[in-house]
1. Among the candidates 85, 57, 65, 46, which residue alone is touching an Asp or Glu at 6+ places or on another chain (Cβ under 6 Å), without any contact (Cβ under 8 Å) to a residue 12 or more places away in the chain, of a type in the set (A, V, I, L, M, F, W, C) and on the phi < 0 side of the Ramachandran plot?
2. Within segment 34-55, how many residues turn out to be exposed (fewer than 15 other Cβ atoms within 10 Å of the Cβ) and either outside any loop (DSSP other than H, G, I, E, B) or among the aliphatic types (A, V, I, L, M) (or both)?
3. Condition first: at pLDDT 95 or above and hydrophobic (A, V, I, L, M, F, W, C). Now tell me which residues in segment 139-163 satisfy that.
4. Confirm whether residue 8 is surrounded by 13 or more Cβ atoms within 10 Å (Cβ to Cβ), among the hydroxyl-bearing types (Ser, Thr, Tyr) and within 30 Å of residue 73 (Cβ to Cβ).
5. Please enumerate the residues belonging to segment 114-172 that are touching a Phe, Trp or Tyr at 6+ places or on another chain (Cβ under 9 Å), open to solvent by 50 Å² or more (accessible area, probe 1.4 Å) and in a loop (DSSP other than H, G, I, E, B).
6. Is it the case that segment 127-142 has a residue that's touching a helix residue (DSSP H, G or I) at 6+ places or on another chain (Cβ under 7 Å) and among the hydroxyl-bearing types (Ser, Thr, Tyr)?
7. Go through segment 70-113 residue by residue and tally those that are touching a Pro at 6+ places or on another chain (Cβ under 9 Å), assigned to a loop (DSSP other than H, G, I, E, B) and aliphatic (A, V, I, L, M).
8. If I filter segment 14-33 for residues that are under 30 Å from residue 94 (Cβ atoms), part of a strand (DSSP E or B) and touching a Gly at 6+ places or on another chain (Cβ under 9 Å), do I get at least one hit?
Amino acid sequence: QGCVPHYSDPDGDGFGGGQESACLCGPNQFFPVDKSGDCQPKNPEIGPGAREVCNGIDDNCKNGIDESGAKGCTVYYADKDGDGIGDSTLNKCLCKAEAPYTATSSGDCDDTKAESKPGAIETCDGVDNNCNGKTDEVGADGCKVFYIDKDGDKYGASASGACLCALGGEYN
């Protein structure tokens, strides 16, 4: 009465496999541990106390292989628009890419539009296409040349031309 289940521990990792057990008042040479759950009782590198490693094996006996945060993982960013650049605020350290965590580069300013990402060509569309915090910059694709008209006669100096997406300021 008052016994506690004890388990055999062939690999000496401090956890029993659960198959061989006895209810004892204390450990003995055949059943030395009172903790079970070792999914590989003959491998001291694998057991409930082990760290998960990216190796295709359930190292920590949690019924999962290569879980998030495993040793040797790579940081992947959520890439909902599939442009290869992910959202820096949504990431996981994984052994391999898992949707939506598929990008290894981050910095996408709008992960719902594939045409908006660092290095994209800025276009005249009211959107920050290249993720630099500015929209419709000078020289954007689709721009039109406007000139400074200081005297208001609707004719500008040819040397003052700038390719803009819209009229603004002293350009008209």
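1. None of the other options fit; the residue is 65.
2. Count: 0.
3. Matches in segment 139-163: 140, 143.
4. no
5. 147, 155, 157, 166, 167, 172
6. No.
7. Summing the residues that are touching a Pro at 6+ places or on another chain (Cβ under 9 Å), assigned to a loop (DSSP other than H, G, I, E, B) and aliphatic (A, V, I, L, M) in segment 70-113 gives 0.
8. Looking through segment 14-33, none of the residues is under 30 Å from residue 94 (Cβ atoms), part of a strand (DSSP E or B) and touching a Gly at 6+ places or on another chain (Cβ under 9 Å).
The values are calculated or read from the model by the stated rules, or taken from the named source; none is laboratory data. What you are looking at is a predicted structure, and each value in this text was computed from that prediction instead of being measured. We place every Cβ from the backbone using ideal geometry, glycine too, and count neighbours over all the protein chains shown. Side chains included, ligands, DNA and RNA excluded: accessible areas come from the protein's heavy atoms. Shrake-Rupley method; radii C 1.70, N 1.55, O 1.52, S 1.80 Å.
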